[in-house]
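First up is the structure itself, then whatever we jot down about it.
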């Protein structure tokens, strides 16, 4: 009889561990899917940039450094490995370069009136909104995974199953300050 009780307790403990493991796997998969959603939007932005650059080049030919910075940052994104931290850093550099490009474009009223430029900017704005939404979803999935990994009793098993606290997809402080700065409006 005692043997059956011990076996029953061990079976329940095993089922409990399997349930914890399955929950952690599901949360990890949700996080990975969320990053894949971000990746789709970043790819669309990546593909739009050359067209935008060509449009700006015609108007701002003497702004060579800004155009080169965008091109280099874009190449950095393409060359970024699969490491999330490296990818986030490359994407942040591209975002900074694009902000500089937009600032230069403000100096060219004819460019801002150009149909192609306006179309590309509209598409880019739409993509940036989708990226922001995807980042929020990714960061929420990351938060849920991190919470599950750190909560008791999962914390007892998570490390042995290869689960650890994950990084958020965050904008660097320098970029956040630039994004939060109110634009100058002139009439």
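The values are calculated or read from the model by the stated rules, or taken from the named source; none is laboratory data. Quantities reported herein were computed from a predicted structural model and do not represent experimental measurements. Methodologically, a virtual Cβ is constructed for each residue, glycine included, from the backbone with ideal geometry; neighbour enumeration extends over all protein chains shown.
Beta carbons closer than 8 Å, at least 6 apart along the sequence or on distinct chains, never pair a first residue in the stretch 1-20 that is at positive phi and touching a residue at least 24 places away in the same chain (Cβ under 8 Å) with a second that is surrounded by 10 or more Cβ atoms within 10 Å (Cβ to Cβ) and part of a helix (DSSP H, G or I). Restricting 114, 110 to those that are exposed (fewer than 13 other Cβ atoms within 10 Å of the Cβ), in contact (Cβ under 8 Å) with a residue 24 or more places away in the chain and over 29 Å from residue 34 (Cα atoms) reduces the list to 110. Within the stretch 24-40, the set of residues being surrounded by 14 or more Cβ atoms within 10 Å (Cβ to Cβ) and closer than 19 Å to residue 155 by Cα comprises 24, 27, 28, 31.
Among the helices (runs of 4 or more DSSP H) confined to the stretch 88-187, the ones with at least 3 residues that are touching a helix residue (DSSP H, G or I) at 6+ places or on another chain (Cβ under 8 Å) and modelled with pLDDT under 85 are located at 109-113, 115-150, 173-180. When only residues in the stretch 53-74 that are buried (at least 17 other Cβ atoms within 10 Å of the Cβ) and not in a helix (DSSP H, G or I) count, which is modelled with the lowest pLDDT? Taking the candidates together, the pick is 60.
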